[in-house]
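Single-structure report; data block below.
Please treat every number below as a calculation from the coordinates, not as lab data. What you see is a predicted model, and the numbers here were worked out from it, not measured in a lab. Every residue, glycine as well, gets a Cβ built from its backbone with ideal geometry; the counts of neighbours run over all protein chains shown.
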Amino acid sequence: MDNMLKDCKTYYGAIDIGSNAVRLLIKCVEEDEQGKVFFSKVLLLRVPLRLGFDVFAMGKISETKEKNMLRLMKVFHHLMKIYDVEDYRACATSAMRDAKNGKIRMQLDKADISALLANGWKAPEVFSAKGRDGKTDMWGVIYRPSNFDPSKKYPVIEYIYSGPGDQYVPKTFSSYNWWMTSLAELGFIVVQVDGMTTSFRSKEFEEVCYKNLKDAGLPDHIAWIKAAAQKYPYMDIDRVGIFGCSAGGQESTGAVLFHPEFYKAAYSACGCHDNRMDKIWWNELWMGYPVDESYSACSNVDNAHLLSRPLMLVVGELDDNVDPASTMQVANALIKANKDFELVVIPGAHHTMGEDFGEHKRYDFFVRHLMGITPPSWDKVKTGK
């Protein structure tokens, strides 16, 4: 550290204030003789203040959390003094608000999105609707194409990762979401929902997943999408697809196995399809021990014979997070059940949604099965490379 403090010329800091944690990042900025700028991380400190817990429970931030926030800012101030930080910025979503009445307490920053709007950019819509019980609000986002025409009918694609263990719907501004924006630009309405089984709502809300990972919040997602389609008739819920990776790979395959009346096609990457053969520390958190019949009930391997919709399985050859054998066992069970499906193995890839090759396969898969259109041959597509 002494050498770093002595050698680095300039330090800059950034404070990220989120509903779950507050982070301090300090980076060293250096320039070589040719004028090339280099950034190196010196310090990253994450403190889980969980300001959002108070908001979800009481509608406001408690005095205790407010005091802790001020104490933490003083700590960050002293840490930045140690590194002689030249300048820093603290950012929340766009403003620090009182959770109860929405008044702006302190304007932190204001972005200019006029250039985005001038080029046809459409902001995703935050949408809420009741879940499976008809009374609990579920929150999600809706992405539309930049050339959106409300007089047309659009197939719907859901991006799923329901964990458990967190919330997953984006909470911060982004002009481009890698998983959803690109599909929307092909002519789909793309959605993501946090239903029951996700965290930070209540113990009962999350524990729907216990010994029941196949649930994945899907009954809530279905109710949410139906409510959105009732408000927006251009969403064609007779053509709904779903995709995800890792736990999302398990959940997207489960969607077409257990809810084929609603989900008409699934792209599933690197899924942990059977919780008896994935990481013990993760799976036993949600499925419990000892292993019982609930593991089989939730297994995409044991339920592969239920497949009646188009399915593309994707796996990285060197996946070191979820054993590739998890996908291969589903493929084996599907073959034994005489089911038609697609299997894509990415050589040399690790835990992935599919890399560039898989991305292209995913686009073509949904265009073919939800739009009924034959995609152009790959040698006719400009890649920009």
* To do: Using the Karplus curve 6.51 cos²θ - 1.76 cosθ + 1.60 with θ = phi - 60°, work out ³J(HN,Hα) for each residue of segment 312-325 in order, rounded to whole Hz, and write x for Gly and Pro.
  => 10, 9, 10, 8, x, 4, 10, 4, 10, 9, 10, 3, x, 4
* Asked: Ranked highest first by the average count of other Cβ atoms within 10 Å around their residues, in what order do 109-121, 203-215, 335-347 fall?
  -> 203-215, 335-347, 109-121
* Expressed as a whole number of Å, what is the distance separating the alpha-carbon centroids of segment 198-274 and segment 317-385? -> 19 Å
* **Amide H contacts of Lys130 (H built 1.01 Å from N, under 5 Å, at least 5 apart or other chain)** => Met138
* **In sequence order, calculated HN-Hα J values of segment 147-159 (Karplus, 6.51, -1.76, 1.60; Hz; x Gly/Pro)** => 9, 3, 10, x, 7, 9, 9, 10, x, 10, 10, 9, 8
* Structure fact -> In order over segment 119-134: 3J(HN,Hα) from phi, Karplus 6.51/-1.76/1.60, θ = phi - 60°, whole Hz, x for each Gly or Pro, gives 9, x, 5, 10, 5, x, 9, 7, 10, 10, 7, 6, x, 4, 8, x
* Structure fact -> With only helices counted (DSSP H, runs n ≥ 4, each -39500 (n - 2.57)), the per-residue ellipticity at 222 nm for the chain, to the nearest 500, works out to -8000 deg cm²/dmol
* To do: Would you work out the charge dipole size for the chain about its Cα centre, treating the Cβ of every Lys and Arg as +1 and the Cβ of every Asp and Glu as -1, and quote it to the nearest 20 debye?
  => 1280 debye
* Under 5 Å, built H, 5+ apart or other chain: amide partners of Glu158 -> Val191, Gly241, Ile242, Phe243
* Take every DSSP beta bridge whose two residues both sit in the chain, then give the antiparallel share in percent to the nearest 5. => 55 percent
* Amide H of Gly165: which non-local residues (sequence gap of 5 or more, or other chain) have their own amide H closer than 5 Å, using H built in the peptide plane? -> Ser199
* Asked: Looking at this model, which pairs from Lys36/Lys74; Lys214/Lys339; Lys36/Lys380; Lys60/Lys279; Lys122/Lys226; Lys65/Lys122 are more than 29 angstrom apart at the alpha-carbon?
  -> Lys36/Lys74; Lys36/Lys380; Lys60/Lys279; Lys65/Lys122
* Asked: Of the listed peptides 291-300, 250-259, what is their order by residue-averaged count of other C-beta atoms within 10 Å, with the highest listed first?
  -> 250-259, 291-300
